[in-house]
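Working notes for the structure below.
The values are calculated or read from the model by the stated rules, or taken from the named source; none is laboratory data. On a predicted model such as this, the values are computed, not experimentally measured, just so you know. All Cβ positions, glycine included, derive from the backbone under ideal geometry; neighbour counts span all protein chains shown. Surface accessibility is based on the protein's heavy atoms, side chains included, excluding ligands, DNA and RNA. Shrake-Rupley method; radii C 1.70, N 1.55, O 1.52, S 1.80 Å.
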Amino acid sequence: MREHEHEDVVVISPSCIYACTRFRVRRTKLLPREEYLRIMRMSIPEVVAHLGRQEDYQDVMDLAGDFSGAQLIEEAVNRSLARSFRNAMVIAPGDLHTLTGEYLARWDIANVMAILRGTVHNIPRRQVRDLLIPAGEVDSALLDHLLDLATCSEVLEALRGWRLYPVLAEYYRICGERGVFARIENELYRCYYAGLLGLAASGCSGCRELIAYLRFEIDITNMKNLLRLHCAREACDITVVDRTMISGGRIPLSLFRRLYGVETEEEFVNIFLQTEIVPILAQAVRELRQDPNFSSIDAAELVWRRWHQHRRPIHEVEIAITRVRLQQMDSLSRRQPFSVLPVLAYLERKKYEVANLRAIARGKAFGLPSERIWQYIVM
């Protein structure tokens, strides 16, 4: 990415400038709010026809012979997402290419876990396939092969060439046992974040900002996992919490351990206010409720009420936090226009565009009102 660096002067290579400019242009071509509002008023056949006229979603017409309705839309947008990710790897040079590839490894984890769970629980092959996005190292051909295998052990064996295979190897004998998939997933994401943070620490342009973004993402993931464990039907001990937490975030893991054992509102709020989650949560709820007076203490008390009732976070609040995080990534990418940040900003926005279209398709298929579907849209 960098050709020469002297004191505070960094010379950016022409290939990096070219790639980052292309990604910024692609970012401007993603669907705007007005387009979502138009699509929301359409029937499923009208959505199909409308997407068929979009450059990114022309697959919808090619797939019409094999799929229909909401499934046709989901298949087409999934293919668009995978193609966008593959194209990103072609466009990105040098450090950008390496970091983009490491970032996309999260899709390998999601795909492998979906196949493992589908294999063990006998979920229909097509249903599992609908969840897969061949965007990383595990390509379409290997994913199709994995879907054809009959047992968990066969799937693990077929993944020997995957660079995260060592994480899977120790689970051969207990594959499919209760709770083992959560443990596998936790270990895979620990390795994923460690690898990505390690690469980002190499000092590339925009990497310092990327590390801050990733560390907060780890904090959010850890908090969600803590809430999930707290809401589980069966109580778990602190060793389960330790196995679930991902290191590398800004919030010390010891603080999450303390939170798990808290039983009073005062203690919970005091501890939770020490986290950097609170300001983002407060901002998200202020925007969601259009309430400028919603404070950090209000945010901590909101989480406490869900925690005390052993209930998961409000979905609309999670969506609102995601919106704020995407806004932050956009802002970072504008401040560092020739770095890895414009690449990741585009990839994140593209991911949520596809998630939005899937949500609309599913919502319409189930006859949900537009205002209900809108709650799941991230912009």
Roughly how many Å is it from the Cα centre of segment 301-325 to that of segment 52-68, as a whole number? 36
Where K224, K351 fall by accessible area, highest first, once all protein chains stay in place (1.4 Å): K224, K351
Over segment 234-379, what is the relative contact order in whole percent, taking alpha-carbon pairs under 8 Å and six or more residues apart? 17
Multiply the residue gap between I44 and E267 by 0.36 nm, knock off their C-alpha separation, and tell me the result in nm, one decimal place. 75.3 nm
Accessible area per residue of segment 1-123 at 1.4 Å probe, in Å²? 50
In Å², rounded to a whole number, the accessible area per residue of segment 271-379 with probe 1.4 Å is 45
Based solely on C-alpha atoms, express the radius of gyration and the Dmax of segment 109-170 in angstrom. 10.5, 29
Added length on full extension, which subtracts the Cα-Cα distance from 0.36 nm per residue, L131 to M379: 87.1 nm
With Cβ to Cβ distances under 12 Å as the rule, what net charge do the other residues near R163 carry (K, R +1; D, E -1)? -2
Provide the FRET efficiency to the nearest 0.05 for the R160-I123 pair, computing r from the beta carbons and using R0 = 35 Å. 0.90
What's log10 of I(q)/I(0) for the chain at q = 0.07, 0.11, 0.12 Å⁻¹, Debye sum over Cα points only, no solvent? -0.34, -0.91, -1.10
If we count every other residue with Cβ under 12 angstrom of S68's Cβ, Lys/Arg +1 and Asp/Glu -1, where does the sum land? -3
Protein accessible area in segment 20-120, 1.4 Å probe - carbon and sulfur %: 50
HN-Hα J couplings of segment 288-297 from phi, Karplus 6.51/-1.76/1.60, θ = phi - 60°, integer Hz, Gly and Pro as x? 5, 9, 6, 10, x, 9, 5, 9, 5, 5
Per DSSP helix of 4 or more residues, -39500 (n - 2.57); summed, then divided by the residues of the chain. What does that give at 222 nm, rounded to the nearest 500? -21500 deg cm²/dmol
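Assign unit charges at the C-beta atoms only (+1 for Lys and Arg, -1 for Asp and Glu), then state the dipole size of segment 61-161 relative to its Cα centre in Debye, rounded to the nearest 20.
Working: 9 positive and 14 negative charges, 32 e Å.
Its charge dipole is roughly 160 debye.
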Return the sequence-ordered ³J(HN,Hα) values of segment 346-362 in whole Hz as given by the Karplus equation 6.51 cos²θ - 1.76 cosθ + 1.60 applied to θ = phi - 60°, using x for Gly and Pro. 5, 4, 5, 5, 5, 4, 6, 4, 5, 4, 5, 5, 5, 4, 5, 4, 5
Per residue of segment 122-138, what does 6.51 cos²θ - 1.76 cosθ + 1.60 with θ = phi - 60° give for ³J(HN,Hα)? Whole Hz please, x for Gly and Pro, Karplus curve as stated. 6, 6, x, 3, 5, 5, 5, 4, 4, 8, 8, 10, x, 10, x, 6, 7
Give me the count of lysine pairs in the chain whose alpha carbons sit under 21 angstrom apart, restricted to pairs 8 or more positions apart or on different chains. 4
Remind me, relative contact order of the chain in percent, using alpha carbon pairs under 8 angstrom and six or more residues apart? 21
Other residues with Cβ under 12 Å from the Cβ of V128 give, with Lys and Arg +1 and Asp and Glu -1, a net charge of +1
How many percent of Cα pairs in segment 202-303 exceed 21 Å? 41
With a/c under 1.5 counting as rounded, go ahead and sort segment 256-379 into rounded, prolate or oblate using the C-alpha gyration tensor (a ≥ b ≥ c being the square roots of the eigenvalues; past the cut-off, prolate if a/b is larger than b/c, else oblate). oblate
Accessible surface of segment 147-244, 1.4 Å probe, proportion on carbon and sulfur as whole %: 51
